[in-house]
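Here, each number is a calculation from the coordinates, and none is a lab measurement. Remember, it's a predicted structure, so these values are computed and weren't measured experimentally. Neighbour counts are summed over all protein chains in view; Cβ atoms, including those assigned to glycine, are modelled from backbone coordinates with ideal geometry.
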Amino acid sequence: MYCKPHSFNGSEGAVSLLHWIEKVESVFMMCECPANNWVKFATSTLEGNTLSWWNAQVQMLGLADANATPWNDFKDLIKKEYCHRDDIYKLETEYYDLKMVGSEIEAYTKRSNSLAALCPNMSQPTYKRIELYLKGLVPQIQSLVTSANLPMIQQVVRLAHRLTDQAMEQGKLPKCINTTTTIDTPSDNKRKWDGNQGKDPNPT
């Protein structure tokens, strides 16, 4: 609880549920929580309608058996209740059709990372994740990144960012405009990404 895990009350929709699962699993990893305690601690963050739903499960199964539910079984159970197939289909469609716009490589990577976490069936194993990321890149850099045949998504992302910077410098792509409507210079972008080459650009 010191890691302040997010709560879930069932009213936010499928995306919020998937984010909650992702974040609570991250807390378990940081705390090195034993797998047999995951359900017990995760359900302590439920609120409102979701807490009432879980209490009903406890009444049917008994507290000990409910807390002993395997984590994957619990995820399937809560998804059936709060994550309809139509919602998942919309996310999967967005992920499959996701495209990089102009030189907006950072926005594209951020959304791709988010959808990869929300749609694990489409992003695992790693080669599927890489294929979808390459598919959405602009033509000016797509073939170059693809031909590198890199085995890790982090390497693919770093190369895509470097090539995007180069394409902007050469005038093949428009300069990137950030959220404050100022234009990042190619050298600024290049320094920013070169300085992170030893880090994982995908925090998920």
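If each of residue 40 and residue 126 carries a label point 7 Å out from its Cα toward its Cβ, how far apart are those two points in nm?
That separation, rounded to one decimal, is 3.5 nm.
So how far apart, in nm, are the two label points at residue 47 and residue 135 if each is 7 Å from Cα heading toward Cβ?
Here the modelled spin labels are 3.7 nm apart.
Place the peptides 141-150, 84-93 in order of packing, highest mean first, counting for every residue the other Cβ atoms within 10 Å and averaging per peptide.
Working: 141-150: 15.0, 84-93: 13.2.
Those peptides, ordered most packed to least, come out 141-150, 84-93.
Report the GluC sites (Glu not before Pro) located in segment 1-73 that are in a DSSP loop and have at most 14 other Cβ atoms inside 10 Å of their Cβ, or state none.
Numbers: sites: 12, 22, 25, 32, 47; in loops: 12, 32, 47.
Taking segment 1-73 and a limit of 14 other Cβ atoms within 10 Å, the loop GluC sites (Glu not before Pro) found are 12, 32, 47.
Rg and Dmax of segment 39-177 over Cα atoms: what are they, in angstrom?
Rg then Dmax for segment 39-177, in Å: 20.6, 66.
Per residue of segment 106-114, what does 6.51 cos²θ - 1.76 cosθ + 1.60 with θ = phi - 60° give for ³J(HN,Hα)? Whole Hz please, x for Gly and Pro, Karplus curve as stated.
Coupling constants for segment 106-114: 5, 5, 5, 5, 4, 5, 4, 4, 5 Hz.
Multiply the residue gap between residue 11 and residue 23 by 0.36 nm, knock off their C-alpha separation, and tell me the result in nm, one decimal place.
Values: separation 12, 0.36 × 12 = 4.32 nm, distance 1.74 nm.
Working it through step by step, the gained length comes to 2.6 nm.
Measure off 7 Å from each Cα along the Cα-to-Cβ vector at residue 170 and residue 93, then give the distance between these two points in nanometres to one decimal.
3.7 nm
Given 10 °C and 1.306 mPa s, how large is the Stokes-Einstein diffusion coefficient of segment 14-83 in µm²/s, with Rh as the Kirkwood radius over Cα pairs? Please report the intermediate quantities before stating the final value.
Details: Rh = 12.3 Å.
Estimated via Stokes-Einstein, D reaches 129 µm²/s.
For residue 110 and residue 55 in one chain, what is 0.36 nm times their gap in residues minus the Cα-Cα distance, to one decimal in nm? It would help to have the intermediate numbers written out before the result.
Working: separation 55, 0.36 × 55 = 19.80 nm, distance 3.65 nm.
Working it through step by step, the gained length comes to 16.2 nm.
Grab the DSSP H runs of the chain that are 4 residues or longer, score each as -39,500 (n - 2.57), total them, divide by all residues and round the 222 nm result to the nearest 500 deg cm²/dmol. Please list the in-between numbers first.
Values: 12 runs with 132 residues, N = 204.
After summing the helix terms and dividing by the residues of the chain, the value is -19500 deg cm²/dmol.
From Cα pairs below 8 angstrom and at least 6 apart in sequence, can you work out the relative contact order of the chain, rounded to a whole percent?
Details: 184 pairs, mean separation 33.7, N = 204.
Once normalised by length, the contact order is 17 percent.
What FRET efficiency, computed as 1/(1 + (r/R0)^6) with R0 = 30 Å and r the Cβ-Cβ distance, is obtained for residue 64 and residue 31, rounded to the nearest 0.05? Before the final figure, lay out each step's value.
Numbers: r = 22 Å, r/R0 = 0.74.
Efficiency, from the Cβ-Cβ distance: 0.85.
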